[in-house]
1. Collect the residues in the stretch 5-45 that are among the β-branched types (Val, Ile, Thr) and over 21 Å from residue 57 (Cα atoms), keeping them in residue-number order.
2. Can you tell me which residue in the stretch 172-188 is nearest to the chain's Cα centre (by Cα), limited to those that are away from the ligand (no atom under 16 Å from the Cβ) and over 15 Å from residue 122 (Cα atoms)?
3. Give the stretch 153-178 a look and list any residue that's touching a Gly at 6+ places or on another chain (Cβ under 8 Å), surrounded by 20 or more Cβ atoms within 10 Å (Cβ to Cβ) and assigned to a loop (DSSP other than H, G, I, E, B), or say none.
4. Looking at (1) in contact with a Leu (Cβ under 7 Å, 6 or more places away or on another chain); (2) part of a strand (DSSP E or B); (3) among the hydrophobic types (A, V, I, L, M, F, W, C), which is the one condition that is false for residue 89?
5. Quick one: which residue in 156, 175, 129 is free of Cβ contacts under 8 Å to residues at least 24 places away in the same chain, out of contact with any Leu (no Cβ under 7 Å at 6 or more places or on another chain) and of a type outside the set (A, V, I, L, M, F, W, C)?
6. Given the options 147, 71, 121, name the one that is surrounded by fewer than 14 Cβ atoms within 10 Å (Cβ to Cβ) and in contact with a Lys or Arg (Cβ under 9 Å, 6 or more places away or on another chain).
7. Which helices (runs of 4 or more DSSP H) sit wholly inside the stretch 9-83 and have at least 2 residues that are within 16 Å of the ligand (Cβ to nearest atom), free of Cβ contacts under 8 Å to residues at least 24 places away in the same chain and not β-branched (Val, Ile, Thr)?
Amino acid sequence: MTVIGVFALQGNVREHLAMLAQVGVEGRAVRRPSELAEVDAMVLPGGESTTMDKLARAFELFEPLQKRIADGMPVFGTCAGMIMLANEITGGTADQETLGGLDVTVRRNAFGRQVDSFEADLEFAALDSPYHAVFIRAPWVERVGRDVEVLSTVRSGPATGRIVAVRHDRLLATSFHPEMTGDARLHGYFAELVRGR
Ligand code: GLN
């Protein structure tokens, strides 16, 4: 059976585990390398990417994660998790590093102070109705590499056209928090990606 780990050193871990359960996948909190070795895929939750970076190093998960990603492990990065997956970031702290793998440039805290946190209905080709998304000090994607598919952009307001969901082969990333509204369709989409469908 497919097991999806949730990076559990920081962020909304419980909520992601609940979403995975909702789509019929076994989810497991991952805090150490031995736990990472036992999962088929990972969710990197939202939180604070600079802290996630530091904690991943302190708990010796940074390099094992990088290696698994390079070996093709599917990963769903949400908000700070999207930042962690990006090959390149702008607005990071001086010593901030990312795991990389996703060929994009992501801008941290991109929406600015006025729209620090907001909600928006997004269109996804893979979903039959809009997805209500919650953004919290969210990043956006400024550049996408050739093999990166844009899954969704903001439809109205000052940030119209900004890219907020992408897929690059087995890496999926969203600017928003898909674990906060009870709508598990993106976790379902990820689970299918993991199963190779
Ligand atoms: N602003 C946070 C960061 O830079 C991300 C916010 C979030 O994950 N909700 O890591």
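1. Answer for the stretch 5-45, where residues must be among the β-branched types (Val, Ile, Thr) and over 21 Å from residue 57 (Cα atoms): 23, 25.
2. The extreme case among them is 187.
3. Across the stretch 153-178, the qualifying residues are 154, 177.
4. (1)
5. Selected residue: 129, the only one of 156, 175, 129 that is free of Cβ contacts under 8 Å to residues at least 24 places away in the same chain, out of contact with any Leu (no Cβ under 7 Å at 6 or more places or on another chain) and of a type outside the set (A, V, I, L, M, F, W, C).
6. So the residue among 147, 71, 121 that is surrounded by fewer than 14 Cβ atoms within 10 Å (Cβ to Cβ) and in contact with a Lys or Arg (Cβ under 9 Å, 6 or more places away or on another chain) is 121.
7. 49-58
Throughout, read-outs are computed from the coordinates displayed, never taken from laboratory work. Worth saying up front: this structure is predicted, and the values here are computed from it rather than measured. No Cβ is skipped: glycine too gets one built from the backbone with ideal geometry, and neighbour counts run over all protein chains shown.
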